[in-house]
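Please read the structure below before turning to the comments.
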Amino acid sequence: MTDARLLLIILALPFLGSLGAAFLPTRGRNRAALLAGAVALVGLVLAAGFYPVLASGRAVRLVIPWLSTLGLDLTLRLNGFSWLFSILILGIGGLVVLYARYYLSSDDPVSRFFAFLMAFMGSMLGMVLSGNLIQIAFFWEMTSLFSFLLIGYWHHNQSARDGARMALVVTAFGGVCLLVGFVLLGHIVGSYDVDRVLDAGDLIRGHALYLPALILILIGAFTKSAQFPFHFWLPHAMAAPTPVSAYLHSATMVKAGIYVLILLWPVLAGTESWYLIVTTTGLVTLLIGAWAAIFQQDLKGLLAYSTISHLGLITLLLGLGSPLAAVAAIFHTVNHATFKASLFMAAGIIDHETGTRDLRKLSGLARFMPITATLAMVAAAAMAGVPLLNGFLSKEMFLAEALETHSGTVLDSILPVLATLASVFSVLYSVRFIHQTFLGPPPVELPHEPREAPRWMRFPIEILVLICLLVGIIPALTIGPFLATAVQSVLGGRTPTYSLAIWHGFSLPLLMSVTALVGGTGLYLLFGARLNGFSQSPIIGHFKGRRTFEIVLAAIIDGARVVHRISGTKRLQVQLRLLVVTAIIVGVLPFLNVGYSRGPRPDTLVDPGFAILWMLAGASAIGAAWQAKFHRLAALVLIGVCGLVTCLSFAWLSAPDLALTQLLVEIVTLVLLLLGLRWLPKRLPDRWPEAHMPFTVYFRRGGDLLLALAGGGGIAAIAYAMMTRDAPHGLSRYFVEHAYSGGGGTNVVNVILVDFRAFDTYGEITVLAIVALTVFTLLRRFRPAAESIELPEQQRQQNAFDDAREDRDRGDTVRHYLLVPRVLMEWLFPVILTCALYFLVRGHDLPGGGFAAGVTASIAIIVLYMASGTRSVEMRLTVQPVQWISAGLLCATATGMAAWLFGYPFLSTHFRYLDLPIIGAIPMASALLFDIGVFAVVVGTTALILVALAHQSIRSPRAAKPSQDVGEGAD
């Protein structure tokens, strides 16, 4: 296995671990934590093994063919910068896992927590390891989804649910903007490959679409990294468990936007638009976050706003556009991850051991938990920029860059003053964190008696604080080589000369640092006692981001309701008309431009038998439309006749695969629709006699007739135009000629489904599974409305007696009165299943396949249900529809991914002949495994819908309240 393939293992490990954790006991902390820790440790070791290669200036790439024609190969790319981020994600992730083992209660569903955490870890790794813009956007959205689950982990807490929803809405909105921006970048460059995009800086900056792409990408980055005006979601995410806050605020979630800004810095930076937008946004965020942090009364709230401030600092550095500023941004990204993770963990220990995070209640904890206090003080000093700690070095680089001339604008001239002011604020809230928590008199009236945390709960903080000290004291020996590798991979030939020495002599940046330390400490000594009296931040506290968010969200919902009132309807017929009208208009538009003409081939006489067949179908269609007004069952039977004629037409025109599938689908849908009909409300009597029906009713029915004629006639006209032309030597001939040589099968239709167009089939079975789950979810919560009329006592007693007798006789199904003996129907079950397996095995060479086999097996289940009910089906077959669906999707996915192991695109088929004893040589293709997945999904979805409808149909129709909202009985 080459080094590049290890990237796939690193990426897959967290997701496999997440899947494994989901099957662990819900409240087993040790096993879930051990699994998550092992995943992080193995990933960290594998990633660390790449450093010698990266230090030599080379990058590692792994390209797995997928949709190559669309430029969407699965590309993994590791250079010095993405390696540094990967180490942060895995290293801090492993420490968070250890910390969470002791932080979370054994009563919590801990295995679910670690499943979410590992999935989030994998999503972040996928983002930083992706070498394709669309792939980055995909993992970007996955981070939003799993952060939503992590923030809302304590879903019984209203604030956790609100914070999770807010984070998801804001970051998902940014994700959509980011995706559109990436699409524009790909359009400009002609490729979504990250390396090709990074080589096209001049082309991108000089293109007319540069500004729209820049704005969209910046919106995505600003929402994820909590930049003004999207910063408001981050403090509300504090309702998450502290391990989540420590992970999201240090190395992952909020750093995702920073990662994208640094990644694209070489091609997007260097313009006036970049400078004005990014620098201004970063500066405002830096000041607002620092100012708000000063007045917070909650430890995690203070750290959350300080995170916003430091993210603004990094964004500001990137906005300056100079290579040295980019170096400082990368350096401070690493430093912030270490001291912020340790501070959040320390805050969690304080909350865990004292029962509160309120700064107004905390005091003098250093005498009760001296080790934790010492660690937290060092981390807070690093956040404040105290010398001999890592935060001092990157902050001094920041102040030095603030003094440089970048654009000559007013913003450039006031930047040193504002940067110093922000540093003063940073020192002020850091000193407050230290003094009010650990110094002063002993605390009183705490929920718990303070005490030191368990040894291994403190261990992650000790490691991180040690890193802060080592980087601050000997930076050139610790972070120096790794930072140089990361900077070189980002800046390339523009890498500047910089120094990580502790002492650069007396300089203006040093004076600014000292001013910040003295000024911040002095302000706390003067005004620190008054800070406890603030319930919100002065000036900016009146502008509530959450309130604005709720107002905007409410306006969007209200607008959607208005649109729904205007365009929506309770009648499905109206919506169906709109769909058909839209389809007709779209179909007619091309002919208005190019015209319509038949082909040169002469007409042929219509076979009388075929004509009679379709006259029968036409009569059945008209009869179904007419009977729908009087008798739904009769209408459904007539529709079934139309389906049967369609099946016979396929067979007549030598399309046995389509004929077989059509016949099987007709059987299944007919039964399912029959079950559905039993649950529809009773029809109301017509409000008008037939002779006095109003004009509007005739107009509506006439309109339906015209739409039917237009739709059917349009399809007929297109078919006629195609059949009067010679078949082009194109796609269809290619499939016929290459079905056996390329797909290993002689059944062209099935080879197309499982090989040439297998990805389409994969998407279709996924949609089929989603539809089945949706139907089941809707119906399992649907119950009939109670009768509004008062039934006589005798009638109520009779109803109760009937219900009890039905429950006793059938369990969960109604009594079925069958024309065929039950025992005969049960005998049919193994026969039909045998036919299903026959269709499955032979489908690659003869009519059949996974879909036809799945529908056939579904018919067997339906037959068994008709004989014995759903309870018998569940007991005798152990049919677990959701498990069947899951197994089918996993089988199809695994079959497609197996092709990657041999260097072929996703879902490529391999076939060969196998020599079996007695039987001899038989053809075998890997597509059979994919077909088995399709088979399982079809069986599972049909069974799930059957169970949902059958359980609903057992409810007594007398309980259903007639409704005017379904059907058009009055028409």
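The values are calculated or read from the model by the stated rules, or taken from the named source; none is laboratory data. Since the model is a prediction, treat every value here as computed from it, not as a measurement. Reconstructed Cβ throughout: ideal geometry from the backbone, glycine too, with neighbour counts over all protein chains shown.
Out of contact with any Gly (no Cβ under 8 Å at 6 or more places or on another chain), of a type in the set (Val, Ile, Thr), surrounded by 12 or more Cβ atoms within 10 Å (Cβ to Cβ) and within 30 Å of Phe392 (Cα to Cα): does that describe Val581? First the steps, then the outcome.
Working: out of contact with any Gly (no Cβ under 8 Å at 6 or more places or on another chain): yes; of a type in the set (Val, Ile, Thr): yes; surrounded by 12 or more Cβ atoms within 10 Å (Cβ to Cβ): yes; within 30 Å of Phe392 (Cα to Cα): no.
Answer is no for this residue.
So which of Leu638, Leu605, Leu653, Leu613 ends up being at pLDDT 85 or above, more than 41 Å from the chain's Cα centre (by Cα) and farther than 30 Å from Ile861 by Cβ? Explain how you work it out, then say what you get.
Numbers: Leu638 fails: farther than 30 Å from Ile861 by Cβ; Leu605 fails: at pLDDT 85 or above; Leu653 fails: at pLDDT 85 or above.
Step by step, each of Leu638, Leu605, Leu653, Leu613 is checked, and only Leu613 is at pLDDT 85 or above, more than 41 Å from the chain's Cα centre (by Cα) and farther than 30 Å from Ile861 by Cβ.
Looking at the structure I just gave you, is His564 more than 41 Å from the chain's Cα centre (by Cα), loosely packed, with under 12 Cβ neighbours inside 10 Å and not β-branched (Val, Ile, Thr)? Walk me through it before giving the result.
On the way: more than 41 Å from the chain's Cα centre (by Cα): no; loosely packed, with under 12 Cβ neighbours inside 10 Å: yes; not β-branched (Val, Ile, Thr): yes.
No.
Determine which single condition Ile539 fails, assuming it passes every other condition in (1) surrounded by 11 or more Cβ atoms within 10 Å (Cβ to Cβ); (2) among the aliphatic types (A, V, I, L, M); (3) more than 28 Å from Phe85 (Cβ to Cβ).
(1)
List, please: which pairs have Cβ atoms under 9 Å, are six or more places apart or on different chains, and start with a residue in the stretch 438-458 that is within 22 Å of Asn30 (Cα to Cα) and end with one that is assigned to a helix (DSSP H, G or I) and among the polar types (S, T, N, Q)?
Short answer, once both residue conditions are applied: Glu452/Thr372; Ala453/Thr372; Arg458/Thr372.
When you check His249 against the structure, is it assigned to a helix (DSSP H, G or I) and closer than 26 Å to Ile539 by Cβ, yes or no? So that I can check it myself, show each step before the final result.
Working: assigned to a helix (DSSP H, G or I): yes; closer than 26 Å to Ile539 by Cβ: yes.
Taking the combined requirement at face value, the residue satisfies it.
What about Thr372, is it touching a Cys at 6+ places or on another chain (Cβ under 8 Å), closer than 24 Å to Tyr103 by Cβ and in a helix (DSSP H, G or I)?
no
Taking the conditions exactly as written (assigned to a helix (DSSP H, G or I), farther than 30 Å from His187 by Cβ, of a type in the set (Lys, Arg) and free of Cβ contacts under 8 Å to residues at least 40 places away in the same chain), does Arg112 satisfy them or not? Before the answer, list the steps.
Working: assigned to a helix (DSSP H, G or I): yes; farther than 30 Å from His187 by Cβ: yes; of a type in the set (Lys, Arg): yes; free of Cβ contacts under 8 Å to residues at least 40 places away in the same chain: no.
No.
What's the number of the condition Leu248 fails, among (1) free of Cβ contacts under 8 Å to residues at least 12 places away in the same chain; (2) under 30 Å from Leu90 (Cα atoms); (3) of a type in the set (A, V, I, L, M)?
Against the list (1) free of Cβ contacts under 8 Å to residues at least 12 places away in the same chain; (2) under 30 Å from Leu90 (Cα atoms); (3) of a type in the set (A, V, I, L, M), Leu248 comes up short only on (1).
Scan the stretch 411-419 and tell me whether some residue there is over 38 Å from the mean Cα position of the chain (by Cα), within 19 Å of Gly522 (Cα to Cα), in a helix (DSSP H, G or I) and without any contact (Cβ under 8 Å) to a residue 12 or more places away in the chain.
Within the stretch 411-419, one or more residues are over 38 Å from the mean Cα position of the chain (by Cα), within 19 Å of Gly522 (Cα to Cα), in a helix (DSSP H, G or I) and without any contact (Cβ under 8 Å) to a residue 12 or more places away in the chain.
When you go through Leu276, Leu324, Leu261, Leu318 one by one, which is the residue that is under 21 Å from Ser147 (Cβ atoms), among the hydrophobic types (A, V, I, L, M, F, W, C), assigned to a helix (DSSP H, G or I) and out of contact with any strand residue (DSSP E or B) (no Cβ under 8 Å at 6 or more places or on another chain)? Even if it seems obvious, please write down each step before you answer.
Numbers: Leu276 fails: under 21 Å from Ser147 (Cβ atoms); Leu324 fails: under 21 Å from Ser147 (Cβ atoms); Leu318 fails: under 21 Å from Ser147 (Cβ atoms).
Residue meeting the stated conditions: Leu261.
Looking at this structure, is Asp73 loosely packed, with under 15 Cβ neighbours inside 10 Å, more than 25 Å from Thr333 (Cβ to Cβ) and touching a residue at least 12 places away in the same chain (Cβ under 8 Å)?
On the way: loosely packed, with under 15 Cβ neighbours inside 10 Å: no; more than 25 Å from Thr333 (Cβ to Cβ): yes; touching a residue at least 12 places away in the same chain (Cβ under 8 Å): yes.
So Asp73 does not fit the description; no.
Taking the criterion of being at pLDDT 85 or above, over 37 Å from the mean Cα position of the chain (by Cα), farther than 28 Å from Pro600 by Cα and among the small types (Gly, Ala, Ser), would at least one residue in the stretch 778-789 satisfy it?
Looking only at the stretch 778-789, we keep the residues that are at pLDDT 85 or above, and these are none.
No, the stretch 778-789 contains no residue that is at pLDDT 85 or above, over 37 Å from the mean Cα position of the chain (by Cα), farther than 28 Å from Pro600 by Cα and among the small types (Gly, Ala, Ser).
Given the residues Ser413, Ser430, Ser423, which is the only one that is farther than 23 Å from Tyr305 by Cβ and either surrounded by 22 or more Cβ atoms within 10 Å (Cβ to Cβ) or of a type in the set (Gly, Ala, Ser) (or both)? Can you show your working first?
Working: Ser430 fails: farther than 23 Å from Tyr305 by Cβ; Ser423 fails: farther than 23 Å from Tyr305 by Cβ.
Checking each option against the conditions leaves just Ser413.
Just give me the residues in the stretch 112-121 being over 16 Å from the mean Cα position of the chain (by Cα) and buried (at least 23 other Cβ atoms within 10 Å of the Cβ), in sequence order. Before the answer, list the steps.
So in the stretch 112-121, the residues over 16 Å from the mean Cα position of the chain (by Cα) come out as 112-114.
Matches in the stretch 112-121: Phe113, Phe114.
Looking at Thr69, is it modelled with pLDDT under 90, more than 28 Å from Val189 (Cα to Cα) and either out of contact with any Ser or Thr (no Cβ under 6 Å at 6 or more places or on another chain) or of a type outside the set (S, T, N, Q) (or both)? Explain how you work it out, then say what you get.
Details: modelled with pLDDT under 90: yes; more than 28 Å from Val189 (Cα to Cα): no; either out of contact with any Ser or Thr (no Cβ under 6 Å at 6 or more places or on another chain) or of a type outside the set (S, T, N, Q) (or both): yes.
It is false that Thr69 is modelled with pLDDT under 90, more than 28 Å from Val189 (Cα to Cα) and either out of contact with any Ser or Thr (no Cβ under 6 Å at 6 or more places or on another chain) or of a type outside the set (S, T, N, Q) (or both).
What is the number of the single condition among (1) crowded, with 20+ Cβ neighbours inside 10 Å; (2) in contact with a Gly (Cβ under 6 Å, 6 or more places away or on another chain) that Gly181 does not meet?
(2)
Can you say whether Gly348 is touching a residue at least 60 places away in the same chain (Cβ under 8 Å) and either charged (D, E, K, R) or surrounded by fewer than 24 Cβ atoms within 10 Å (Cβ to Cβ) (or both), as far as the supplied structure shows? Show your work before the answer.
On the way: touching a residue at least 60 places away in the same chain (Cβ under 8 Å): yes; either charged (D, E, K, R) or surrounded by fewer than 24 Cβ atoms within 10 Å (Cβ to Cβ) (or both): no.
No; evaluated as a whole, the condition is false for this residue.
Considering Met124, Met142, which residue is in a helix (DSSP H, G or I), surrounded by 23 or more Cβ atoms within 10 Å (Cβ to Cβ) and within 14 Å of the chain's Cα centre (by Cα)?
Working: Met142 fails: surrounded by 23 or more Cβ atoms within 10 Å (Cβ to Cβ).
Of the residues listed, the single one that is in a helix (DSSP H, G or I), surrounded by 23 or more Cβ atoms within 10 Å (Cβ to Cβ) and within 14 Å of the chain's Cα centre (by Cα) is Met124.
Looking at the structure I just gave you, is Thr766 in a helix (DSSP H, G or I), among the hydroxyl-bearing types (Ser, Thr, Tyr) and surrounded by 12 or more Cβ atoms within 10 Å (Cβ to Cβ)? Before you say what the answer is, go through the steps one by one.
On the way: in a helix (DSSP H, G or I): yes; among the hydroxyl-bearing types (Ser, Thr, Tyr): yes; surrounded by 12 or more Cβ atoms within 10 Å (Cβ to Cβ): yes.
Considered against the rule, which asks whether it is in a helix (DSSP H, G or I), among the hydroxyl-bearing types (Ser, Thr, Tyr) and surrounded by 12 or more Cβ atoms within 10 Å (Cβ to Cβ), Thr766 comes out as yes.
What are the pairs, 6+ residues apart or on separate chains, where a residue within the stretch 93-105 that is over 23 Å from Gly355 (Cβ atoms) has its Cβ under 7 Å from a residue that is among the hydroxyl-bearing types (Ser, Thr, Tyr)?
Gly93/Tyr247
Among the residues that make up the stretch 675-692, is at least one of them under 30 Å from Gly888 (Cβ atoms), basic (Lys, Arg) and modelled with pLDDT of 70 or more? Quick ask: steps written out before the conclusion?
Step one: of the stretch 675-692, the residues under 30 Å from Gly888 (Cβ atoms) are 675-679.
So of that shortlist, the ones also basic (Lys, Arg) come out as 678.
Next, from what is left, pick out any that are modelled with pLDDT of 70 or more: none.
Checked against the condition, which is being under 30 Å from Gly888 (Cβ atoms), basic (Lys, Arg) and modelled with pLDDT of 70 or more, the stretch 675-692 yields no hits at all.
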